[in-house]
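The values are calculated or read from the model by the stated rules, or taken from the named source; none is laboratory data. Not measured: the values here are computed from a predicted model. Cβ placement follows ideal geometry from the backbone for every residue including glycine, while neighbour counts extend to all protein chains displayed.
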Amino acid sequence: MTTVVPFDPTRSSRSAARTAHAADRAAARECSIVTAEGGVPLVTGEYAEYANFDYAASAPCLTSVAEALSEALPFYASVHRGAGHHSQVSTDAYERARRSVARFLGVRTQADQGGSADAVVFVRGTTDAVNLLARAVPEGCTVVVFESEHHASLLPWEHPASRAAKVVRLPLPESPEAAVGAARAALAEAPEGPRLLCVTAASNVTGEIWPVEELVEAAHAEGARVLVDAAQYVPHLPFSLTGTGADYVALSGHKLYAPFGSGVLAGRADWLREATPYLAGGGATRKVTEHDVVWNDLPARHEAGSPNVLGAVALAAACETFTNRTLSLQHIREAALLERLRAGLAEIDGVHELTLWGAEHARVGIVSFVVDGLPADLLASALSAEYGIGVRDGLFCAHPLTGHLLPEGHTQAVRASLGVGTTEEHVDRLVGAVADLVARGPRWEYADCDGRLAPVPDPRNVL
């Protein structure tokens, strides 16, 4: 059984208290999440309210998303080719969802560009979106990417199916300014022909915000295009293709509080229109004969098969909930909580935060850290089993970046990420639990169980 629990208002640090309180009240009226009743079991036999610090991996479902799905389910049917009432209703919902996502991302219209409007293609997530573009770039394209990227943005360009002729991996930049300079130099030195810069908007490891607009300006000055991985950015701050000037953007619904298997690649239509369909099959075709196939135009060209209608509806509901105003208020609230968390962790001996550009650089609600003498997997397991706190441990699918940032003697890190349901009590409990584990160590024994540490014995009924 589930219940909808609005997030509790929180207090920020003294310097931002009034602003954060106002943001809490305003955002709480518009955002709430679906969560389980009764808390989570601890190895001690007690129960604790779940403190979720794993939003950067997958965010829980928004109430508005769950409500939108409940309304759509009775009319669910396959879209675009059905004459029946439900098919027509579902088709309308699917295409309305596309328009909602387009508004959320500030896509360019035909009037904006004096030609073709931006395409909005539904995919499974950011990884799927980048792989689609990797197969759609023109032959001979040079792709420039920083080694700080998530694997979803780093690896598809080098896949055998990618059409990129050359991939230039740039080392980790020492500053945002250095990143802009390195990207422009690499694009200027690239062979003649199409060029693309792929960059994240916010790091999934450190939360640090990248200088997207400056990178776009530098790339355009060299005649190159830009793909922005906004998966970690859009759950926290507004993003606009028109506003930034970026050519493409990719995101995942499951990180935007719509965990139903949908994502988006949006951006300039020409490369996508000219490319061979990402998948061959029904929906992508206009006509098939014994000797020939005529492929559909966008967006159907890259949406073969039966589309994920409910995933699209869910993603659109999240986009409609997170207006620019709501996201801005939410970011103020999260910034106060993040400041509280980082300040609390900094007071604990042996805790080291990972950062690429320093503690003062702007970031979204993510902090990764290590603890001297306490392996990341043991810390994460103990936080869950003994305190009811969910964090992520490992290298976060960004091995080059995380490996570079880890202090000597550490092989993995712990990541705590904030979101709509995070409260001040959750933050204080996490800080207190880390301090307690540093001072006294875990209270339980832990051993390897199918590749990760687990309490031994484990008296919880975790399933």
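Answer yes or no as to whether residue 431 is of a type in the set (A, V, I, L, M, F, W, C), at pLDDT 95 or above, outside the structural domain of residue 175 (by TED's automatic domain parsing) and crowded, with 22+ Cβ neighbours inside 10 Å.
On the way: of a type in the set (A, V, I, L, M, F, W, C): yes; at pLDDT 95 or above: yes; outside the structural domain of residue 175 (by TED's automatic domain parsing): yes; crowded, with 22+ Cβ neighbours inside 10 Å: no.
So residue 431 does not fit the description; no.
Kindly indicate whether any position in the stretch 356-379 is assigned to a strand (DSSP E or B), outside the structural domain of residue 231 (by TED's automatic domain parsing), among the hydroxyl-bearing types (Ser, Thr, Tyr) and closer than 22 Å to residue 201 by Cβ.
yes
For a quick check of your reading of the model, give me the residue pairs whose first member lies in the stretch 128-140 and is over 16 Å from residue 304 (Cβ atoms), whose second is polar (S, T, N, Q) and not in a loop (DSSP other than H, G, I, E, B), with beta-carbon atoms closer than 9 Å and at least 6 apart or on different chains.
Within 9 Å, the pairs are 130/153.
Search the stretch 354-366 for residues that are under 17 Å from residue 340 (Cβ atoms) and pair each with any residue that is part of a strand (DSSP E or B) and of a type in the set (S, T, N, Q) when their beta-carbon atoms are under 7 Å apart and the residues are at least 6 apart or on different chains.
Between residues of the stretch 354-366 that are under 17 Å from residue 340 (Cβ atoms) and residues that are part of a strand (DSSP E or B) and of a type in the set (S, T, N, Q), the close pairs are 365/417; 366/417.
Does residue 342 satisfy being outside the structural domain of residue 209 (by TED's automatic domain parsing), among the charged types (D, E, K, R) and over 28 Å from residue 375 (Cα atoms)? Before the answer, list the steps.
On the way: outside the structural domain of residue 209 (by TED's automatic domain parsing): yes; among the charged types (D, E, K, R): yes; over 28 Å from residue 375 (Cα atoms): no.
When the stated conditions are applied, residue 342 does not pass them.
Within the bounds of the stretch 125-134, is there any residue that is surrounded by fewer than 20 Cβ atoms within 10 Å (Cβ to Cβ) and in the same structural domain as residue 284 (by TED's automatic domain parsing)?
No: zero hits.
If you scan the stretch 210-238, which residues turn out to be over 13 Å from the mean Cα position of the chain (by Cα) and hydrophobic (A, V, I, L, M, F, W, C)?
210, 212, 215, 216, 218, 219, 221, 224, 226, 227 - these are the residues of the stretch 210-238 that are over 13 Å from the mean Cα position of the chain (by Cα) and hydrophobic (A, V, I, L, M, F, W, C).
Over 24 Å from residue 39 (Cα atoms), surrounded by fewer than 19 Cβ atoms within 10 Å (Cβ to Cβ) and in contact (Cβ under 8 Å) with a residue 12 or more places away in the chain: does that describe residue 459? Show your work before the answer.
Numbers: over 24 Å from residue 39 (Cα atoms): no; surrounded by fewer than 19 Cβ atoms within 10 Å (Cβ to Cβ): yes; in contact (Cβ under 8 Å) with a residue 12 or more places away in the chain: yes.
For residue 459, the condition - over 24 Å from residue 39 (Cα atoms), surrounded by fewer than 19 Cβ atoms within 10 Å (Cβ to Cβ) and in contact (Cβ under 8 Å) with a residue 12 or more places away in the chain - is not met.
Suppose we filter the stretch 406-427 for residues that are loosely packed, with under 15 Cβ neighbours inside 10 Å and touching a residue at least 60 places away in the same chain (Cβ under 8 Å); how many remain?
1
Please tell me if residue 310 is buried (at least 20 other Cβ atoms within 10 Å of the Cβ), touching a residue at least 40 places away in the same chain (Cβ under 8 Å), more than 25 Å from residue 245 (Cβ to Cβ) and not assigned by TED's automatic domain parsing to the domain that holds residue 244.
no
Does any residue of the stretch 334-352 turn out to be in contact with a Pro (Cβ under 7 Å, 6 or more places away or on another chain), modelled with pLDDT of 90 or more and not in a strand (DSSP E or B)? Break it down stepwise before answering.
Looking only at the stretch 334-352, we keep the residues that are in contact with a Pro (Cβ under 7 Å, 6 or more places away or on another chain), and these are 352.
Next, only the ones that are modelled with pLDDT of 90 or more stay: 352.
Imposing the further condition that a residue be not in a strand (DSSP E or B) reduces the set to none.
No, there is no match, as no residue in the stretch 334-352 is in contact with a Pro (Cβ under 7 Å, 6 or more places away or on another chain), modelled with pLDDT of 90 or more and not in a strand (DSSP E or B).
Considering only the stretch 151-188, how many residues are in a helix (DSSP H, G or I) and basic (Lys, Arg)?
Just the residues of the stretch 151-188 that are in a helix (DSSP H, G or I), to begin with: 151-154, 156-158, 176-188.
Going one step further and asking which of them are basic (Lys, Arg), we end up with 184.
Residues that pass the stated criteria total 1.
Test each condition in (1) out of contact with any Leu (no Cβ under 9 Å at 6 or more places or on another chain); (2) surrounded by 17 or more Cβ atoms within 10 Å (Cβ to Cβ); (3) closer than 30 Å to residue 421 by Cα for residue 243 and report the one that comes out false.
Unmet condition: (2).
Restricting the stretch 189-207 to residues that are in contact with a helix residue (DSSP H, G or I) (Cβ under 6 Å, 6 or more places away or on another chain) and in a strand (DSSP E or B), which is farthest from residue 404 (Cα to Cα)? Before the answer, list the steps.
Keep residues of the stretch 189-207 that are in contact with a helix residue (DSSP H, G or I) (Cβ under 6 Å, 6 or more places away or on another chain), which gives 195, 197-199, 201, 205.
Right, trim to in a strand (DSSP E or B) and you get 195, 197-199.
Working: 195: 27, 197: 22, 198: 20, 199: 18 Å.
For the stretch 189-207, the residue satisfying everything is 195.
Only one of these is modelled with pLDDT of 95 or more and more than 24 Å from residue 124 (Cα to Cα): 213, 290. Name it.
Going through 213, 290 in turn, just one is modelled with pLDDT of 95 or more and more than 24 Å from residue 124 (Cα to Cα): 213.
Taking the conditions exactly as written (out of contact with any helix residue (DSSP H, G or I) (no Cβ under 7 Å at 6 or more places or on another chain) and in a loop (DSSP other than H, G, I, E, B)), does residue 237 satisfy them or not?
no
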